[in-house]
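Participant: First the structure, which I've put down as structure tokens, then a few questions once you've had a look.
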Amino acid sequence: MTQKGFFITFEGGEGSGKTTQIQYLKEWLAVHVPSQDLVVTREPGGVAAAELIRGLLVNGEADKWRPVTEAMLVSAARHEHVEDIIRPALEQNKIVISDRFVDSTHVYQGVVGGVANADIAAMTRIACGTIQPDLTIILDLDSQIGLSRAASRGVGEDRFETKGNAFHENVRNGFINLAKANPERCVLIDADRAAEQIADEIVALVSQRLLSNGMAMDD
């Protein structure tokens, strides 16, 4: 069955500005696509059961879990998220925006953590079925700048933020390579600019993709 609706995911390292850019896009869509319902969510989390798992994943010591354990926990949370939020919204032809999705698992637990691609793919098939993003926006930023931004906020995914410089540089390179390997779906955005400049580029990109997907938009 062809996936309905339009599914946008935001990816990137810590402090790359995903939350800010999602808010900009949400505000723009509220004006320009008034007839289209919009769902904004996040991973791990999005629904009560998945938020419980999120608490296990993002808090505590850096090496609290083995990467394969993390991948299984994230996939379990994702299954609840997909079945309760994402799939129903897409079936109702809504636009869904998620702060992180499967690509984060491929990069954090796969590329950096060493979990085999085949194992992550198997978990993803169970967790998501046929659900996949139509567009993935990857915010690219020097990992040290991102960590500094995250620290200055005083909130965030504390456990991942403490994993060390090499870990975060590998995360950045993982996302860059992911974009190169999936050029039709993934768009790499320079996040080392004013937030408004980044937002303008994302709005232009999303507008074009929605129109190409046959979704009506107001001027």
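The values are calculated or read from the model by the stated rules, or taken from the named source; none is laboratory data. Because the structure is predicted, anything quoted here is derived from the model rather than measured. Here the Cβ positions follow ideal geometry from the backbone for every residue, glycine too, while neighbour counts run over all protein chains shown. Just so you know, the surface numbers come from the protein's heavy atoms only, side chains and all, with ligands and any DNA or RNA stripped out. Shrake-Rupley method; radii C 1.70, N 1.55, O 1.52, S 1.80 Å.
Participant: Suppose R0 equals 22 Å. What FRET efficiency, 1/(1 + (r/R0)^6) with r the Cβ-Cβ distance, do residue 28 and residue 149 give to the nearest 0.05? Mind dumping the intermediate values first?
Facilitator: Working: r = 23 Å, r/R0 = 1.03.
Given R0 = 22 Å and the Cβ-Cβ separation, E is 0.45.
Participant: Could you pull out every residue, at least 5 positions away or on a different chain, whose amide H is within less than 5 Å of the one on residue 42? Hs are placed 1.01 Å off N in the peptide plane, and Pro or chain starts have none.
Facilitator: 99
Participant: Using the Cα centre as the reference, give the magnitude of the dipole from point charges on the C-beta atoms of region 62-219 (Lys, Arg: +1; Asp, Glu: -1; all else neutral), rounded to the nearest 20 debye. Walk me through the numbers before you get to the answer.
Facilitator: Details: 16 positive and 24 negative charges, 101 e Å.
So the dipole magnitude of region 62-219 works out to roughly 480 debye.
Participant: Helix 143-153 sits at what angle to the longest principal axis of the chain, using alpha carbons and giving 0 to 90 degrees rounded to 10?
Facilitator: Result, in degrees: 80.
Participant: Okay, moving on. Taking only protein heavy atoms into account and a 1.4 Å probe, give the accessible area per residue of the chain in Å².
Facilitator: Working: 10420 Å² over 219 residues.
Here the per-residue accessible area is 48 Å².
Participant: Given 0.36 nm per residue, what is the gain on full extension from residue 20 to residue 197 after removing their alpha carbon distance, in nm?
Facilitator: 62.5 nm
Participant: If I fit a long axis through the Cα atoms of helix 48-58 and take the longest principal axis of the Cα atoms of the chain, what angle between them do I get, 0 to 90°, rounded to 10?
Facilitator: That works out to roughly 40 degrees.
Participant: Using the Kirkwood radius built from alpha carbon pairs, what does the Stokes-Einstein equation give as D for region 1-98 at 10 °C and 1.306 mPa s, in µm² per second? Working shown, then result.
Facilitator: Working: Rh = 14.7 Å.
Reported coefficient: 108 µm²/s.
Participant: Round to the nearest 10 and give me the degree value, 0 to 90, for the angle of helix 195-212's Cα axis relative to the longest principal axis of the chain.
Facilitator: Orientation of helix 195-212: about 60 degrees from the principal axis.
Participant: So, one more: What do you get for GluC sites (Glu not before Pro) in region 38-111 restricted to DSSP loop and a cutoff of at most 12 other Cβ within 10 Å of the site's Cβ? Before the final figure, lay out each step's value.
Facilitator: Working: sites: 51, 61, 70, 80, 83, 91; in loops: 61.
For GluC sites (Glu not before Pro) across region 38-111 that sit outside H, G, I, E and B with at most 12 neighbouring Cβ atoms in 10 Å, the list reads 61.
Participant: What is the log10 of I(q)/I(0) for the chain, computed with the Debye formula using one identical point scatterer on each Cα and no solvent, at q = 0.11, 0.12, 0.15 Å⁻¹?
Facilitator: Log10 of I(q)/I(0), two decimals: -0.51, -0.61, -0.99.
Participant: Note the full-extension length gain between residue 49 and residue 181 as 0.36 nm times their separation in residues minus their Cα-Cα distance, in nm to one decimal.
Facilitator: On the way: separation 132, 0.36 × 132 = 47.52 nm, distance 3.27 nm.
Length difference between fully extended and current span is 44.3 nm.
Participant: Return one quarter of the surface area of the convex hull spanned by the alpha-carbon atoms of region 84-196, equal to its mean projected area, in nm².
Facilitator: Working: hull surface 33.7 nm².
Approximately 8.4 nm², given one-decimal rounding.
Participant: Given R₀ = 45 Å, what would the calculated FRET efficiency be for residue 64 paired with residue 211, taking r from the Cβ atoms and rounding to 0.05?
Facilitator: Numbers: r = 45 Å, r/R0 = 1.00.
Efficiency at R0 = 45 Å is approximately 0.50.
Participant: Additional query: Please list the radius of gyration and Dmax for region 62-140, considering alpha-carbon atoms only, with Å as the unit.
Facilitator: In Å, with Rg to one decimal and Dmax whole: 13.0, 40.
Participant: Apply 1/(1 + (r/R0)^6) to the Cβ-Cβ distance of residue 93 and residue 132, taking R0 = 25 Å, and write down the FRET efficiency to the nearest 0.05.
Facilitator: On the way: r = 17 Å, r/R0 = 0.66.
Plugging the Cβ-Cβ distance into 1/(1 + (r/R0)^6) gives 0.90.
Participant: Under Stokes-Einstein, with the Kirkwood radius over Cα pairs standing in for Rh, what whole-number D in µm²/s applies to region 48-87 at 25 °C and 0.890 mPa s? Show your work: numbers first, answer last.
Facilitator: On the way: Rh = 10.5 Å.
This corresponds to a translational diffusion coefficient of 233 µm²/s.
Participant: If Lys and Arg each add +1 and Asp and Glu each add -1, what is the summed charge of the other residues whose beta carbon sits under 9 Å from the beta carbon of residue 101? Please list the in-between numbers first.
Facilitator: Working: positive: 78, 100; negative: 11, 43, 99, 103.
Net of charged neighbours comes to -2.
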